[in-house]
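Chemist: Here it is, the structure, as structure tokens.
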Number of protein chains: 2
Amino acid sequence: MSNLEQYIRTVNDYPKKGISFKDITTLLKDANALQLTGKELFENAKHLQVDKVIGIESRGFMYGLWLAMQINAGFVPVRKPNKLPSEVFRQEYQLEYGVDTLEMHVDAIQKGDKVLVHDDVLATGGTAEAVSKLVEKAGGEIVQFSFLIEIPFLNGRSKLDGYEIKSLIQY
Amino acid sequence: MSNLEQYIRTVNDYPKKGISFKDITTLLKDANALQLTGKELFENAKHLQVDKVIGIESRGFMYGLWLAMQINAGFVPVRKPNKLPSEVFRQEYQLEYGVDTLEMHVDAIQKGDKVLVHDDVLATGGTAEAVSKLVEKAGGEIVQFSFLIEIPFLNGRSKLDGYEIKSLIQY
């Protein structure tokens, strides 16, 4: 069991009434908690052979690049629409109401690349599933999904069947 | 002189006609260039005593957290409006047409904290200046502005008078 949970702040009724938001900024600003979290993410990934780490905009950019440095991989940002300047793969995904889109440069992942995907939270799994489709389009192979936080009752794992999934804290 | 420039892709007429956009994704996806860039950012910062590293949303989140880990500081995201869940300081800044706003949690920086501010690009300096005002409101002291890229003809340094400014690549 991780004791990182003590550093996370719960903000009630954010972003809307009835939601308890898990705020990682109180963990990040604490130099010791920042190191401890990195150490645990690295422990989960250090045995893997990884060519690229994907970080999902925007909180996934934080530990995403750090993980890439630790395991000697390249770093690839997956971004919200119209943020990447060159040619992209696009993938829509379902929101509670409506759809959203993620984009990745077509030259970001080479065919056969082993890919680790990092984000801060696994909730419904919609964004993670969209990333799996982007990596598939590019011909890469995802070797791990790595999250700080997982919210099991939202059942995001059901959208990522067959993939290795690691999370440090479960609520 | 840095030879990181060779890894940066110039995208012409992005985001609008006449602009030559400097795309760092081609540097980030190359594992060797990613390491080399980190090494140079760290060389510029390793002699400093730093309590917090600020990363400016969203590309500043990438090497920002990595730098915080390297120099044993906490990491603080400065974000676009309405992204941070708890109480914030707000700072408006001027765009070419209109204004924009940045926010930082009021409890992110303690009075007297030494702060390193990181972003990918120093252009007109508007966002960097806004961050300097946020840190001032919190009672912190900025010991360095750290950028990957600087575009000297836009004269961002003029807005950051009196601060130490480091950039790895100048265009």
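The values are calculated or read from the model by the stated rules, or taken from the named source; none is laboratory data. Just so it is clear, the structure is predicted and the values come from calculations on it, not from any experiment. A quick note on method: Cβ atoms are made from the backbone with ideal geometry, for glycine too, and the neighbour counts reach across all protein chains shown. For accessibility, only protein heavy atoms count, side chains too; no ligands or nucleic acids. Shrake-Rupley method; radii C 1.70, N 1.55, O 1.52, S 1.80 Å.
Chemist: Please go through region A:124-171 and give me each residue that is farther than 24 Å from A:GLU5 by Cβ, touching a strand residue (DSSP E or B) at 6+ places or on another chain (Cβ under 6 Å) and outside any helix (DSSP H, G or I), ordered by number.
Modeler: Across region A:124-171, the qualifying residues are A:GLY140, A:GLU141, A:ILE142, A:VAL143, A:TYR163.
Chemist: Based on this model, can you work out whether A:ALA45 counts as more than 9 Å from chain B (Cβ to nearest Cβ) and under 27 Å from A:ALA138 (Cβ atoms)?
Modeler: So A:ALA45 passes the test.
Chemist: When the residues of region A:85-100 are filtered to those that are of a type in the set (S, T, N, Q) and surrounded by 14 or more Cβ atoms within 10 Å (Cβ to Cβ), which remaining residue is nearest to B:LYS22 (Cα to Cα)?
Modeler: The extreme case among them is A:SER86.
Chemist: Taking only region A:36-76 into account, find how many residues are free of Cβ contacts under 8 Å to residues at least 24 places away in the same chain and within 23 Å of B:LEU84 (Cβ to Cβ).
Modeler: Of the residues in that region, 3 qualify.
Chemist: Could you please tell me which pairs satisfy a Cβ distance under 8 Å, a separation of 6+ or placement on different chains, a first residue in region A:141-161 that is in contact (Cβ under 8 Å) with a residue 40 or more places away in the chain, and a second residue that is assigned to a helix (DSSP H, G or I) and of a type in the set (Val, Ile, Thr)?
Modeler: Note: pairs meeting the criteria are A:LEU148/A:THR37.
Chemist: Another one. So which residues in region B:85-114 are farther than 15 Å from B:SER132 by Cβ and within 13 Å of another protein chain (Cβ to nearest Cβ)?
Modeler: B:PRO85, B:SER86, B:GLU87, B:VAL88, B:HIS105, B:VAL106, B:ASP107, B:GLN110
Chemist: Assess whether A:LYS111 counts as being within 18 Å of A:GLY64 (Cβ to Cβ) and open to solvent by 60 Å² or more (accessible area, probe 1.4 Å).
Modeler: So A:LYS111 fails the test.
Chemist: For residues in region B:51-84 being part of a loop (DSSP other than H, G, I, E, B), open to solvent by 20 Å² or more (accessible area, probe 1.4 Å) and not charged (D, E, K, R), which is nearest to the other protein chains (Cβ to nearest Cβ)?
Modeler: Checked region B:51-84; the qualifying residue nearest to the other protein chains (Cβ to nearest Cβ) is B:ASN72.
Chemist: If you go through region A:85-97 one residue at a time, how many are in contact (Cβ under 8 Å) with a residue 24 or more places away in the chain and either of a type in the set (Ser, Thr, Tyr) or assigned to a helix (DSSP H, G or I) (or both)?
Modeler: Result for region A:85-97: 1.
Chemist: Let me ask something else about it. Can you spot a residue in region B:120-129 that is within 14 Å of another protein chain (Cβ to nearest Cβ), open to solvent by 20 Å² or more (accessible area, probe 1.4 Å), in contact (Cβ under 8 Å) with a residue 40 or more places away in the chain and not aromatic (Phe, Trp, Tyr)?
Modeler: Checked against the condition, which is being within 14 Å of another protein chain (Cβ to nearest Cβ), open to solvent by 20 Å² or more (accessible area, probe 1.4 Å), in contact (Cβ under 8 Å) with a residue 40 or more places away in the chain and not aromatic (Phe, Trp, Tyr), region B:120-129 yields at least one hit.
Chemist: Residues being in a loop (DSSP other than H, G, I, E, B), within 11 Å of chain A (Cβ to nearest Cβ) and either among the polar types (S, T, N, Q) or open to solvent by 20 Å² or more (accessible area, probe 1.4 Å) (or both): count how many of those fall in region B:6-42.
Modeler: Total meeting the criteria: 6.
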